[in-house]
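For reference, the structure is listed below as structure tokens.
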Amino acid sequence: MDKYDSFHADWESSEGPPNFDMEEHIRDTWSWFRDVLKSPKFVVAPMVDASELPWRVLSRRYSAELCYTPMFHAANYIKDATYRRENFPDTGDLEQGSPEFDRPLFVQFCANDINAFSTAAKMVEDRCDAVDLNLGCPQMIAKRGHYGAHMMEDWSNIRKMIEEARKVAKVRITAKIRKFEDESITLRYAKMLENAGVSLLTIHGRTRDQRGPNTGLADWQIIKKVKEALRVPVVANGNIQCLQNAIDCMEQTGVDGIMTAEGNLYNPALFFWNFTSSLPALSCIRGHVFKILHHVFQQEEYRDMRDMLAQANDFDEIGRVAEEAKRRLENLDENNEYTSPQIMDDLLMLPYWRCKPYVRPKPSETTENNSRKRNSGMIEENLKRKKHKEQKKAKYQEKMAKEVDSLRPKYEMCIKCPGNPRGLKCTFLFCKACCRKRLSMMIQIASVTEYTAKHHEKLI
């Protein structure tokens, strides 16, 4: 018996919470998936500072059939009205989640508290088609907050959050997960979520440690096994950089939908500027433009535009960067006709002025050596900068000391304590404090001498 058997046995033995009809749930789930969601095949992932409203609308124009909001923190959402207003308003005009241009839509929350998650789901129930519980975020901030992929082992709490949200909110509950190292535990984990009542499960075929330079390739085989084990719709996530990747994944895994994150960011047709007056944060738009023009900015002749974008302080300045890019790039395809490749290799062969995916370099001895050289260079540069800063500080302090000295009256120093100026009338060349001590000592000596003389006189 492993560490999961004793801790999670009670959750595996049940076919669902009390009074939960699994067969009815499966029937209703597939009806909802087909009739409400329209059986979406292509899904835009939840991305912080990226999958906001204008980007979702743009993605839908280019065949995205289901979109997620960025991940919101459930505890902050229910407590902070400003947080709600800036991210996903729960009152007022229905702009985010509008049936006209922003559906179907899943709102994603991270949470580790039963009441926070269920309350947040209740607050957005009329503005989305489902509420998704984030169980896949691998970042360190999620580890510090104990949510996302860093609460994967807390099955009891996860299940209670899902069950309570289903009771409280009149909206479907879904979940997005990552795989465990152990295949059997991953399958049991997915089955537990199905038994808890999720209506759709998205699985990212990487572990929580596969991120950044250690990202590697997603495991489609475990996604296939999860799909075969579950009865609710399953969406695959990982290794989706082009259309052919999506087609291959669906054929190899048999999933009901494909989710893409970075592939969507690096390969949109254009950026959607003037859709709504309630624009997202400046950092969101800046991030999108950086990714769209990533390959352009690698060319030396366009580094000036990268600097312009980095220094832009408002939407108009970012807009001018986009206009400048359009002016300088629009004639490059004048004598060439390019189709839209579906295969990854063909996509990567596109010229730099065409939108294409970014592929992380594989970790190797060469890249490690280059990284070591870069790090060494950065350390040297930081040391030089620190030394220069210290020199400037010392020079400034020296200058201020001279200015203070020029304002300070010139006095002779006390011969006993050179830190204090000499008293002008002291015959001993002392400062006032030393002079008082000397005077007090002389008075005491005089008193003792006088008393001794009188006493001697009496004895005579």
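Where a number appears in this text, it was derived from the coordinates with a stated rule and is not lab data. Every value quoted in this text rests on a predicted model; they were computed, and no experiment measured them. Heads up, the Cβs are rebuilt from the backbone with ideal geometry, glycines too, and the neighbour counts pull from every protein chain shown.
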Exercise. For Thr253, what charge total do you get from the other residues with a beta carbon under 12 Å from its beta carbon, if Lys and Arg give +1 and Asp and Glu give -1?
Worked result: -2
For this session: Compute the FRET efficiency between Glu301 and Asn420 as 1/(1 + (r/R0)^6), taking r as their Cβ-Cβ distance and R0 = 60 Å, and round to the nearest 0.05.
Result: 0.30
For this session: In whole Hz, with x marking every Gly and Pro, tabulate ³J(HN,Hα) for the range 282-294 from phi via Karplus 6.51 cos²θ - 1.76 cosθ + 1.60, θ = phi - 60°.
Result: 4, 4, 5, 5, 4, x, 4, 5, 4, 6, 4, 9, 3
Exercise. Using modelled amide H (1.01 Å from N, peptide plane; none on Pro or chain starts), what sits under 5 Å from the amide H of Gly423, excluding residues fewer than 5 places away?
Worked result: Phe430, Cys431, Lys432
Problem set entry | Amide H within-cut-off set for Cys355, under 5 Å, with H built and near neighbours excluded | none
Exercise. Hey, which lysines would be in cross-link range of Lys326, C-alpha to C-alpha under 26 Å, not counting anything within fewer than 8 residues on its own chain?
Worked result: Lys291, Lys356
Exercise. What FRET efficiency would be calculated for the residue pair Asp333, Lys38, taking the C-beta separation as r and a Förster radius of 35 Å, to the nearest 0.05?
Worked result: 0.50
Exercise. Ranked by Cβ crowding within 10 angstrom, fewest neighbours first, how are Leu383, Leu348 ordered?
Worked result: Leu383, Leu348
For this session: Counting other beta carbons within 10 Å of each Cβ, put Val289, Val226, Val359, Val198 in order, fewest first.
Result: Val359, Val289, Val226, Val198
Seminar exercise, completed: So Ser184 and Ile445, fully extended at 0.36 nm per residue minus their Cα-Cα distance, gain in nm 84.3 nm
For this session: Could you list the GluC sites (Glu not before Pro) in the range 155-228 that lie in coil according to DSSP, counting only those with at most 11 other Cβ atoms within 10 Å of their Cβ?
Result: Glu181
For this session: Could you tally the net charge around Lys425, taking each other residue with its Cβ under 15 Å from the Cβ of Lys425, Lys/Arg +1 and Asp/Glu -1?
Result: +3
Exercise. So which trypsin sites (Lys or Arg not before Pro) in the range 124-203 end up in coil per DSSP with only 12 or fewer other C-beta atoms within 10 Å?
Worked result: Lys170
Exercise. Which order do Arg27, Arg320 fall in if you start with the one that has the fewest other Cβ atoms within 10 Å?
Worked result: Arg27, Arg320
Exercise. Residue farthest toward the positive end of the dipole of the range 138-188, with Cβ of Lys/Arg at +1 and Asp/Glu at -1: which of His146, Ile177, Met161?
Worked result: Met161
Exercise. For the range 168-244, rounded, prolate or oblate, judged on the Cα gyration tensor with a ≥ b ≥ c (square roots of eigenvalues), a/c < 1.5 rounded, else prolate if a/b > b/c?
Worked result: prolate
